[in-house]
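Right, one structure below, let's go through it.
Values in this text are rule-based calculations from the coordinates and carry no lab data. Because the structure is a prediction, the values reported are computed rather than measured. FYI the Cβ positions are ideal-geometry reconstructions off the backbone, even for glycines, and counts take in every protein chain you see.
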Amino acid sequence: MRLDKFVLRSTQLSKPTVITCIESGEIRVNQDVITDVRYQVHENNYIEYQGKQLVPRPFRYLMFNKPVDTICSNVDGDYPSILHYLEIENKDELHIAGRLDADTTGLVLITDDGRWSFNIMRPEMQCEKTYRVTLAKALIQGTAERFTEGLLLQGESKPTLPAKLENIETESSHDAAHQVLLTISEGRYHQVKRMFFAVGNKVKQLHREKIGNLTVDIPTGAWRYLTIDEVKSLTY
C-alpha cells in the first residue's frame with residue numbers, strides 16, 4: 001500500500017494534510033523519515049506519526065443491491081453514485097469491485113481492500129458472475145451451444161470464454177418469457193449486451209444475481225457487510 005493511503009487509513013487527517021505531513025518529514029517508516037507519498041509500505045512495517053505507531057482501520061467488505069439509474073463511481077456523473085446509499089464513515093476510501101452500467105441492477109461489491117478486489121477481478125481467477133437477462137425476443141435454437149463454445153465479439157480478436165446460458169421457465173408476462181440466466185467468468189466491456197447482440201438479440205433488462213457463490217439477498221438500494229467466510233470464499 002502507498003504510504004499516503006496507509007496514513008489516511010490510520011488517521012482522521014484529510015488527504016492534503018497527509019501529503020503535507022509526509023513531504024515535511026513527519027512520518028517515519030522503520031525509524032527512517034520517508035518523504036515520498038508513493039513509498040510502498042507493508043503489514044510488518046513500523047510506521048509512526050508524532051511519536052505514535054499508526055495502525056490502519058480494518059478493511060471493509062460490503063454487498064450492495066444496485067438500483068437502476070445509478071453509477072458505480074465514487075463521484076456523481078450523469079446519474080448519482082451508488083455511494084450515496086451508504087451511511088458509513090470514510091466513504092472516500094471505498095471503491096467498487098466489478099462495476100455495472102447505469103441501466104443494470106443487482107449485486108455490487110464495495111471495499112477498501114485493493115488486494116482483495118484485484119484478486120477477484122484477475123482474469124485467471126475466473127470468478128463467475130450470473131446475470132438475469134430480459135431479451136427482446138426468444139432465443140433461437142443453438143444459442144446456448146454458441147455461448148458454450150465462445151463468441152467472437154465485434155472489434156476483438158479472441159473469443160469469449162465458455163459461458164452457461166439457461167432459459168427461465170415462467171408463465172408470467174411476455175417479457176419474462178424471454179428471460180435467461182447467463183453465467184460468465186470474465187468481464188469485458190459491455191460483455192453481456194455484446195454477446196447477445198452477436199447472436200441477433202438485444203438486452204432489454206440486466207440484473208446481476210451472483211458473484212462467485214454470493215447471491216444478492218437484500219432489497220434494492222440496500223447494503224450489508226459481508227461475513228468473514230463470504231470474504232474468503234471469493235479469493236481462496
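Just rank MET121, MET195, fewest to most, by other beta-carbon atoms within 10 angstrom.
In order of increasing Cβ crowding within 10 Å: MET121, MET195.
Please state, as a whole number in µm²/s, the translational diffusion coefficient that the Stokes-Einstein equation yields for the chain at 10 °C and 1.306 mPa s, with Rh defined as the Kirkwood radius across alpha carbon pairs. Please list the in-between numbers first.
Working: Rh = 20.2 Å.
Rounded, D is 79 µm²/s.
Work out, in µm²/s and without decimals, the Stokes-Einstein translational diffusion coefficient of region 1-108 at 4 °C, 1.567 mPa s, Rh from Kirkwood over C-alpha pairs.
Roughly 83 µm²/s, to the nearest whole number.
Tell me which aspartates and glutamates have Cα within less than 20 Å of LYS5's Cα, excluding those fewer than 8 residues away on the same chain?
In chain and number order, the partners are GLU23, GLU26, ASP32, ASP36, GLU43, GLU48, GLU89, ASP92, GLU93, ASP112, ASP113.
To check my understanding: the extent here is largest minus smallest coordinate of the Cα atoms along each principal axis. What are those three numbers for region 128-211, in Å, largest first?
That gives 39, 26, 19 Å along the principal axes, largest extent first.
Could you put TYR85, TYR225 in order, starting from the residue whose Cβ has the fewest other Cβ atoms within 10 Å?
Ascending Cβ contact count within 10 Å gives the list TYR225, TYR85.
Kirkwood Rh and Cα-based Rg: tell me the resulting Rg over Rh for region 3-53, rounded to two decimals. Before the final figure, lay out the partial values.
On the way: Rg = 9.5 Å, Rh = 10.6 Å.
Rg/Rh: 0.90.
How much length, in nm to one decimal, is gained on full extension between GLU43 and SER24, taken as 0.36 nm per residue of separation minus their Cα-Cα distance?
4.5 nm
Going down the table (LYS52/LYS91; LYS91/LYS164; LYS158/LYS204; LYS15/LYS129; LYS91/LYS204), which pairs top 28 Å between alpha carbons? If you can, show how the numbers build up before the last one.
On the way: LYS52/LYS91 25 Å; LYS91/LYS164 36 Å; LYS158/LYS204 26 Å; LYS15/LYS129 35 Å; LYS91/LYS204 32 Å.
Table pairs above 28 Å Cα-Cα are LYS91/LYS164; LYS15/LYS129; LYS91/LYS204.
If you rank VAL180, VAL68 by fewest surrounding Cβ atoms within 10 Å, what's the result?
VAL68, VAL180
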